[in-house]
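Let me begin by presenting the structure, written as structure tokens, before commenting on it.
No lab work stands behind these numbers, since they all come straight from the coordinates. The structure presented is a predicted model; accordingly, all values stated were derived computationally and were not measured. Please note: Cβ atoms are built from the backbone with ideal geometry, for glycine as well, and neighbour counts cover all protein chains shown.
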Amino acid sequence: MAKKGTIFRNAGELMTLSGVLQKQGRKPLKEDLGVVKKKAFAVEDGKISWIGNNDKIPKAYKALKEVDLKKKNVFPGFIDCHTHFVFAGDRKHEFELRNQGTSYQEIANKGGGILFTVESTRKASEKKLTELAQQRVKEHLKQGVTTVEIKSGYGLNLKTEKKMLKAARALKGIQVVTTYLGAHAIPKEMNEESYLETLKEDLKIIKKNKLADRVDIFVEKNYFSKEKAKDYLNTAIEMGFKVTIHADQLNLTGGSDLAVELKAQSADHVICLDKKGKKTLAQSQTVAVLLPAADFYLQCDYPDARALIDQGGRVALATDHNPGSSPTQNISFVGLLARLKMKMSLPEVFAALTYNGACALGLENQRGSLTLGKQADFFITEKPWQNFFYSMENHQAEKTYIKGKAVKP
Ligand code: NIG
Ligand code: FE
């Protein structure tokens, strides 16, 4: 039978990340980027079925639809593995407060912060939330992001949490992984214990309606304790959810250790980890998701990426896009901060925004590298890889492809 699909020929440089894949994202070096020249590749059923020399395309592939890449460089699509993409309103008034010396935690303790966004998100309709998030999707696609993780957590009641997850599921043009973050904060009307008991019931409904792929919790002083989080996440695991934790962001409260103990997909933020905690995380399968744009915006310390990577840890980077601690979608800025503030090397940044992001979402067998059998999620640009995450500009992809098909932002 004649083959169906697309043959992409005449690529400039093609970044395959073959070595990063082989090393499962640990200690990525320049040679692991697997950058190859003069290549063509075939995409069938959305997956890469052949990669070879441009002048040696097998006869069988000649019948496929042909795309001339005109020497543009090809990069694996970025994976933004930690965002709070669905929300209404903003928190610009808090900026002024913080500038006058009130801390993020003090604002939260007075009922602002997350709880402020909860109010505006509860008021917004599902349609409105979808429209707002769809605009954000556009910005992501323009930068070559092909997968985005989206958390709920600005509802803190079942009705609004469901509304958020449905809005996330309704987004078009990009691949979405949804995470239920009912345990983002304790709603005014409840205490930690009673709220988590309610959430355990809500989890059943989230599961039944297939609204979330994973479950997250904010383990932090004044939010959720390690002990209660363990019980709650174990319930989620028993129901078949994958789990992840907002861990050790503002204080060392044991979230990262718990993530490793529960074999969570990721421990995110991890700014306050001590020496032992860094080693434990680095030696585990759990991915450390670092969110330097939030650290920049909150003017706090940055996580110790060097210690995590040098001890063999899998490190991913993400925007943490949200209205309070990280109001940005700028992937270039995230990469630049990772280099400037955390001394990550350029190959480490590429791995962190692609393959390791896929690992954080349990998708590394399908996405995150451009190798045989993987999904053809990529973007093209004239820019060579060495030029990324160096200037202060937000780089733009010329075209973004998901499963081998061009997507329109
Ligand atoms: O990842 N740390 C908790 N959650 C978010 C902040 C959300 C907000 O401030 O609205 C974060 O930084
Ligand atoms: Fe977050």
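Extension gain for LYS138-CYS300 works out to 55.3 nm (0.36 nm per residue, less the C-alpha to C-alpha distance).
A Cβ-based charge dipole, computed about the Cα centre of region 152-289 with Lys and Arg at +1 and Asp and Glu at -1, lands at about 600 debye. Listed by Cβ neighbour count within 10 Å, with the fewest neighbours leading, CYS300, CYS359 appear as CYS300, CYS359. Considering only GLY335, GLN366, PHE350, the residue lying farthest towards the positive end of the dipole of the chain is GLN366, judged by Cα position with unit charges set on Cβ. In the chain, the C-alpha radius of gyration followed by the widest Cα-Cα span (Dmax) gives 21.0, 70 angstrom. Charge dipole of region 303-409 (Cα centre as origin; +1 on each Lys and Arg Cβ, -1 on each Asp and Glu Cβ, all else neutral): 220 debye, rounded to the nearest 20. In summary, the aspartates and glutamates within cross-link reach of LYS207, defined as a Cα separation below 17 angstrom excluding same-chain residues under 8 places away, comprise GLU161, GLU197, ASP216, GLU238. A cut-off under 10 angstrom between Cβ atoms defines the neighbours of SER326, and their net charge, with Lys, Arg +1 and Asp, Glu -1, is -2.
Antiparallel beta bridges, as assigned by DSSP with both residues in the chain, represent about 45 percent of the total such bridges. When peptides 337-348, 274-285 are ranked by their average number of other Cβ atoms within 10 Å per residue, the highest-first order is 337-348, 274-285. Rounded to the nearest whole Hz, the Karplus-based 3J(HN,Hα) values (6.51 cos²θ - 1.76 cosθ + 1.60, θ = phi - 60°) of region 391-406 follow the sequence 7, 8, 7, 8, 5, 10, 7, 6, 8, 10, 10, 10, 6, x, 10, 5, with x at glycine and proline. Each residue of region 31-40 is assigned a 3J(HN,Hα), and the resulting list reads 5, 6, 5, x, 7, 10, 10, 6, 10, 10 Hz, derived from the Karplus form 6.51 cos²θ - 1.76 cosθ + 1.60 (θ = phi - 60°), x at Gly and Pro.
For the chain, with only Lys/Arg (+1) and Asp/Glu (-1) charged at the beta-carbon, what is the dipole magnitude about the Cα centre, in debye rounded to 20? For this selection, approximately 1840 debye. In terms of other Cβ atoms within 10 Å, THR83, THR244 run from fewest to most in the order THR83, THR244.
For the chain, the longest principal axis of the Cα atoms and the long axis of helix 158-169 meet at an angle of about 10 degrees.
The C-alpha radius of gyration of region 327-409, expressed as a fraction of 2.2 N^0.38 Å, stands at 1.13.
Comparing GLN100, TYR180, TRP385 along the charge dipole axis of the chain, the residue lying farthest to the positive side is TRP385, per the Cβ-charge model. Between the Cα long axis of helix 126-142 and the first principal axis of the chain there is an angle of about 40°, rounded to the nearest 10.
Selection among ASN234, THR198, LEU165 by position relative to the dipole of region 157-246 gives LEU165 as farthest towards the positive end (Cβ unit charges, Cα centre). When the P(r) of region 61-194 is calculated, the portion above 22 Å amounts to 49% of the C-alpha pairs.
With a cut-off of 17 Å on the backbone N, the residues of region 262-295 near the modelled label site 7 Å out from ASN234 along Cα-Cβ are 262-264.
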